[in-house]
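The values are calculated or read from the model by the stated rules, or taken from the named source; none is laboratory data. Values in this document were obtained by computation on a predicted structure and should not be read as measured data. Note that we place each Cβ from the backbone using ideal geometry, even for glycine, and neighbour counts take in every protein chain shown. Side chains are part of the model used for accessible areas, which takes the heavy atoms of the whole protein and leaves out ligands, DNA and RNA. Shrake-Rupley method; radii C 1.70, N 1.55, O 1.52, S 1.80 Å.
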Amino acid sequence: MITIDQEQPFDSNQIDILLDTVFGDERFSKSSHALRVDNPILLNLSLVARDGDKVVGTVRFCAAHIHDMLLGKNANAVFLGPLAIHPEYQGSGLGSKIMRTAMAGVKAAGHKRVLLVGDAAYYQRFGFESVLPSFITLPTGKERRLLIAKPATVRALPAVGKVLPGFAPLEASSSEPRFGELAPAA
């Protein structure tokens, strides 16, 4: 029986083995990897799928913000990735199930924007759309497959921006906005 649970620190080794199985060493050269380096996993949002005591799926999140290069403002987001399902379980609907569970958790936690790098045709069913025509870059440069999910009431992305690790720093005198709200530039 497969269960979906919150990721725990002790899952890390099994997740690394799963990611090696699914992506190989290529995962370290992906544009999204640079955003995750030295950027802690948000364990309260990240999930694993277990078949007994074996991790067969994972979806992870880390903190990010989009810096508006024209106005100097920041908007917080969570960055999804990687999503990985063990090859023996691919095509079973497990990827969709863990994504829907994860996105419900993100919404319940009050996050307004979720970013990821991936295939728009796959992720559109979970509410993702391309950031194009906005010119938004990752730490490694332009990524044409950058996607966003956000409620219609949340402000659109800037015309020119950069996704950076961590939530946006705030001025000491400002109050902490809810995730996804615009924050003053540091």
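Scanning the stretch 39-72 for residues that are open to solvent by less than 30 Å² (accessible area, probe 1.4 Å), among the β-branched types (Val, Ile, Thr) and within 22 Å of PRO169 (Cβ to Cβ) turns up just one, ILE66. Selection of the stretch 119-143 for residues being among the polar types (S, T, N, Q), surrounded by fewer than 14 Cβ atoms within 10 Å (Cβ to Cβ) and assigned to a loop (DSSP other than H, G, I, E, B) yields only THR140. Those strands (runs of 3 or more DSSP E) of the stretch 1-118 in which 2 or more residues are over 11 Å from the mean Cα position of the chain (by Cα) and under 30 Å from VAL160 (Cβ atoms) occupy 54-68, 74-85. Residues that are more than 20 Å from LYS162 (Cβ to Cβ) and among the hydroxyl-bearing types (Ser, Thr, Tyr) were ranked within the stretch 119-146; the one that is farthest from the chain's Cα centre (by Cα) is TYR122.
Considering only residues of the stretch 9-33 that are touching a residue at least 40 places away in the same chain (Cβ under 8 Å) and open to solvent by 50 Å² or more (accessible area, probe 1.4 Å), which is nearest to PRO139 (Cα to Cα)? Restricting to residues being touching a residue at least 40 places away in the same chain (Cβ under 8 Å) and open to solvent by 50 Å² or more (accessible area, probe 1.4 Å), the top hit is LYS30. On inspection, ARG36 qualifies as open to solvent by 40 Å² or more (accessible area, probe 1.4 Å), under 30 Å from SER134 (Cα atoms) and of a type in the set (Lys, Arg). Hey, does the stretch 73-94 have a residue that's out of contact with any strand residue (DSSP E or B) (no Cβ under 8 Å at 6 or more places or on another chain), surrounded by fewer than 22 Cβ atoms within 10 Å (Cβ to Cβ) and among the hydrophobic types (A, V, I, L, M, F, W, C)? Looking through the stretch 73-94, none of the residues is out of contact with any strand residue (DSSP E or B) (no Cβ under 8 Å at 6 or more places or on another chain), surrounded by fewer than 22 Cβ atoms within 10 Å (Cβ to Cβ) and among the hydrophobic types (A, V, I, L, M, F, W, C). A count restricted to the stretch 32-50 and to residues that are on the phi > 0 side of the Ramachandran plot and among the basic types (Lys, Arg) stands at 0. Can you tell me which residue is modelled with the lowest pLDDT among those in the stretch 144-161 that are surrounded by 19 or more Cβ atoms within 10 Å (Cβ to Cβ) and of a type outside the set (Lys, Arg)? Among those residues, the one meeting the criterion is LEU157.
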